[in-house]
Amino acid sequence: MAKGVKELEKKLLAMPKRVEIAARKAMEKGADELVAMMKRLVPVDQGDLRDSIGWTWGEAPKGSVVLAESEPDARGLKITVYATDYKARWIEFGTADRNTSGTGKPNKFAAQPFFFPSYRTLRKRIQSRIKREVKKAIRFVGPVTQSEA
């Protein structure tokens, strides 16, 4: 009887690690999808902005424009989507104002959104994947294998 209890205890202790691994993999796949779609939608002049879009665990590189961040969970898991090109915010939201320069034309350029359309398109898919993978990890009872870690 004591052996069964010890085995169960070992399996239960392995569960949080398995859940974290599953969540990490699902979050990474979602971030990859989001970045890929953003790169497809961003207007390309010389490619600097497109090439500067990426994601990382934790905080964005210094000087980057943060496009999105996940809320850190209890373990501190947090993904940040960023662009290192300073023009990202201007392209996404535009700089056109209602003032004109006497010519009747706006004196700046209009928005060419690439982030929010990507985010709105993929948000539910990414969230569903994370939930599904975490539930699968919770249902599976057994030790964490080498391939999972």
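The values are calculated or read from the model by the stated rules, or taken from the named source; none is laboratory data. Values in this document were obtained by computation on a predicted structure and should not be read as measured data. All Cβ positions, even for glycine, are placed from backbone atoms using ideal geometry, and neighbour counts span all protein chains on display. Surface areas here come from the heavy atoms of the whole protein model, side chains and all, with no ligands, DNA or RNA. Shrake-Rupley method; radii C 1.70, N 1.55, O 1.52, S 1.80 Å.
Quick notes
- Enumeration of residues in the stretch 17-40 that are of a type outside the set (D, E, K, R), surrounded by fewer than 17 Cβ atoms within 10 Å (Cβ to Cβ) and under 16 Å from F115 (Cβ atoms): A36
- Within the set R120, R139, the sole residue that is loosely packed, with under 13 Cβ neighbours inside 10 Å and modelled with pLDDT of 90 or more turns out to be R120.
- The single condition from (1) more than 30 Å from V134 (Cα to Cα); (2) touching a strand residue (DSSP E or B) at 6+ places or on another chain (Cβ under 6 Å); (3) modelled with pLDDT of 85 or more that A83 fails is (1).
- Among the residues listed as G104, G63, the single one being loosely packed, with under 12 Cβ neighbours inside 10 Å, at pLDDT below 90 and within 22 Å of V44 (Cα to Cα): G63
- Of the numbered criteria (1) hydrophobic (A, V, I, L, M, F, W, C); (2) assigned to a helix (DSSP H, G or I); (3) at pLDDT below 80; (4) open to solvent by 70 Å² or more (accessible area, probe 1.4 Å), the one W90 fails is (3).
- The single residue among A31, A22, A36, A26 that is part of a helix (DSSP H, G or I), at pLDDT 85 or above and more than 23 Å from R120 (Cα to Cα) turns out to be A22.
- Test result for T95, open to solvent by 30 Å² or more (accessible area, probe 1.4 Å), of a type outside the set (D, E) and either in contact with a Ser or Thr (Cβ under 9 Å, 6 or more places away or on another chain) or in a strand (DSSP E or B) (or both): no
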